[in-house]
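Below is one structure, written out as structure tokens, with a few remarks after it.
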Amino acid sequence: MREHPIALRKGQRRTHDLDRPKQTPIKVERLAARIAGAGSGCHAFAQRLIDERGATALRALYGMLDLLRRYEAAAVDRACAFALESGVVSFKFLRTYLSRHAAPLKLRSEHRIIPEIATYANHFTSLTQGAPS
């Protein structure tokens, strides 16, 4: 057992270097590979996170995937490149930058998996009026 000092800021971790894994877990590398598909800025930012944080970068990488889901990939890539140019490797910075400089993706009215709203309306109507005998 080891006692760890209290983290100074919310979301920060304090771990002794001896307790860190010797190699970066494969899951972290797979997430970085998914993020790299969004652009060179995203790839460089994710790699820098891994270099600085190792296995503890997992949470920030999942956050980056969420940003790629909510914003256009080009906007996230620009934000990552700007962060690296500024010398800031922080997921919080990316989230704040995008909230001020990029518009979130709009919800789609059509999707290949989800049926149209009329399908649900017809189903609801048939349930409330009773099934025909």
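The values are calculated or read from the model by the stated rules, or taken from the named source; none is laboratory data. Values in this document were obtained by computation on a predicted structure and should not be read as measured data. Note that each Cβ is placed from the backbone with ideal geometry, even for glycine, and that neighbours are counted across all protein chains shown.
Of all residues in the range 91-113, how many are part of a loop (DSSP other than H, G, I, E, B) and either touching a Lys or Arg at 6+ places or on another chain (Cβ under 9 Å) or surrounded by 11 or more Cβ atoms within 10 Å (Cβ to Cβ) (or both)?
3
Pairs only if they're at least six apart or on different chains, beta carbon under 7 angstrom, first in the range 52-74 and of a type in the set (Val, Ile, Thr) and part of a helix (DSSP H, G or I), second exposed (fewer than 12 other Cβ atoms within 10 Å of the Cβ) and modelled with pLDDT under 95; list them, first residue then second.
THR56/ARG13
Identify all residues within the range 67-90 that are surrounded by fewer than 16 Cβ atoms within 10 Å (Cβ to Cβ), within 20 Å of LYS27 (Cβ to Cβ) and touching a helix residue (DSSP H, G or I) at 6+ places or on another chain (Cβ under 9 Å); write none if there are none.
Answer for the range 67-90, where residues must be surrounded by fewer than 16 Cβ atoms within 10 Å (Cβ to Cβ), within 20 Å of LYS27 (Cβ to Cβ) and touching a helix residue (DSSP H, G or I) at 6+ places or on another chain (Cβ under 9 Å): there is none.
Given the criteria part of a loop (DSSP other than H, G, I, E, B) and small (Gly, Ala, Ser), does ALA118 qualify?
Considered against the rule, which asks whether it is part of a loop (DSSP other than H, G, I, E, B) and small (Gly, Ala, Ser), ALA118 comes out as no.
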